[in-house]
């Protein structure tokens, strides 16, 4: 029912804020025709500034063949913006009644085989799509700020979303140069923000208790976990750090330490099922790579990142 | 009482595991004479492999003038290792009775103006130093894995540690090319591991509840928060994302969202005092930089990091 994701050439990006502007810049850089919808003509100047800021970075990263800022059209009429669009990225304000009204209207004017992705970070698709006449093709497509640079897009449907639309969105975002994460369940905060929020709340507790200053928090993150985390997520970082034994060794050896008061977050019961899910997941990611090979790749990545930052800051 | 940190040329590194070996490689690369103590001659081969692995990366990052692998001496006699050392980095096994016995002995043979830094991640200095005859100079100097690459060193004293020793360690580690974090209080998990542990526990909960797989967790982290976090910690990332209003806008606007179920970690009360600490801390870090300048630096950093990773993975 949905067209081939690779055949999409024309995108409507709704919203004139940093997220809508960031998406417009990203899609332009990947060689799409983009029609941007602004709620009000007064948003034009700020919008163009965001697009230009993103464009500069995206040019440095490398544009797709044919990509051009001139392929951006900015309109303040919703129907005009949506006309001919083969994909819609919606970045309207984060208020449920605004989103619901917008999806209600899009349900009437956007053909049902056009997938609509919402940038929302705080709302659930089941709520957003509630009054849309064609809710099957409505998905969350949540970017990470700044959306023109960070690759992650978290994708999940609502109760009325067709699984095919979710799968299509995954393939489409990948075609569009993003790193899609197809979520298993619709949960508040999705995946990345939930993890970040756990860290953020622990940081607030530490500042509240005089255990660290905001500067301490940032020194710790930037010089500790972060340069490794761009290479390996927390799961693979622990898997590789434990050598040949991998995640199994990590959990079997440090499982009891989970109960230590190393954060205010209560640890889950380390059941056999959870242990196996972690171990199997890490083994699947590792494939046939030996841990020494993965540790060497991690080290090459960290060296490259530290050198890149040094140059980026010396300019 | 303690010598000038910049005058240190000779270091004893105790421990033959990945942390001890990593420290030895790091100090060698920064141009120090290093005497490594191994508990048992059988550890030699593995130890040299760790040092060599680290050395390769450190060479790529740039060695200090005069740095040479030949300046490493490996011994299995503790007194010989400590003889003439102007700083001791202790990376013995993470068992309190082993550390206590070691510090008891070092208290007898290491001159009291030589600072001893412990790599421990899970023990408290107040316990480690309990039976040491000269506990004033004993501090935590906790690295992040891999210790030869990641810059962070978390520093904190125990109940009997002199504040001068803690301050000295901060200056010394900085001379030695690390990013020191002088902690305000002795707390389990220190700062970086506490933050990482909060994130890790949330990840385990998500896997336990079928909300994400280990692969999902890692895709989210690597492509979302991580490339930004090497440039800006979570505090400055939020400060800059909120434009001219900074952290004040973030907390005043999103404060209520702290209570949303976006993680299993309970949020602290956002008191006026906590708000002010966060805002003042971020403003102090920002100094006189305008938010647009900081956002541009963040973007340059992310671009550099993404390009560096692309090359690092293509080799």
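The values are calculated or read from the model by the stated rules, or taken from the named source; none is laboratory data. Worth saying up front: this structure is predicted, and the values here are computed from it rather than measured. Cβ atoms come from the backbone with ideal geometry, glycine included; neighbour counts cover every protein chain shown.
Worth a mention:
- Flag if residue A:174 is at the interface with chain B (Cβ under 7 Å from one of its Cβ atoms), surrounded by fewer than 22 Cβ atoms within 10 Å (Cβ to Cβ) and at pLDDT 95 or above: no
- Of all the residues in segment A:80-105, those that are in contact (Cβ under 8 Å) with a residue 12 or more places away in the chain, assigned to a helix (DSSP H, G or I) and closer than 22 Å to residue A:154 by Cα number 5.
- Scan of segment B:260-284 for residues that are in contact (Cβ under 8 Å) with a residue 12 or more places away in the chain and either under 25 Å from residue A:229 (Cβ atoms) or part of a helix (DSSP H, G or I) (or both), ordered by number: B:263, B:264, B:265, B:275, B:278, B:279, B:281, B:282, B:283
- Selection of segment B:285-315 for residues being farther than 17 Å from residue B:231 by Cα and either at pLDDT 95 or above or facing chain A (nearest Cβ under 8 Å) (or both) yields B:311, B:312, B:313, B:315.
- Any hit, segment B:303-313, residues being part of a loop (DSSP other than H, G, I, E, B) and either farther than 22 Å from residue A:54 by Cβ or in contact with a helix residue (DSSP H, G or I) (Cβ under 8 Å, 6 or more places away or on another chain) (or both): no
- Only residues that are assigned to a helix (DSSP H, G or I), over 26 Å from the mean Cα position of the chain (by Cα) and more than 24 Å from residue B:203 (Cα to Cα) were counted in segment B:241-259, giving 11.
- Checking each residue of segment B:16-23 against the condition of being over 19 Å from residue B:152 (Cα atoms) and in contact with a strand residue (DSSP E or B) (Cβ under 8 Å, 6 or more places away or on another chain) gives at least one match.
- Residue check, residue A:244 within 7 Å of chain B (Cβ to nearest Cβ) and within 23 Å of residue B:49 (Cα to Cα): no
- One residue stands out in segment B:259-272 among those that are surrounded by fewer than 18 Cβ atoms within 10 Å (Cβ to Cβ) and in contact with a helix residue (DSSP H, G or I) (Cβ under 8 Å, 6 or more places away or on another chain): the one that is farthest from residue B:292 (Cα to Cα), namely B:266.
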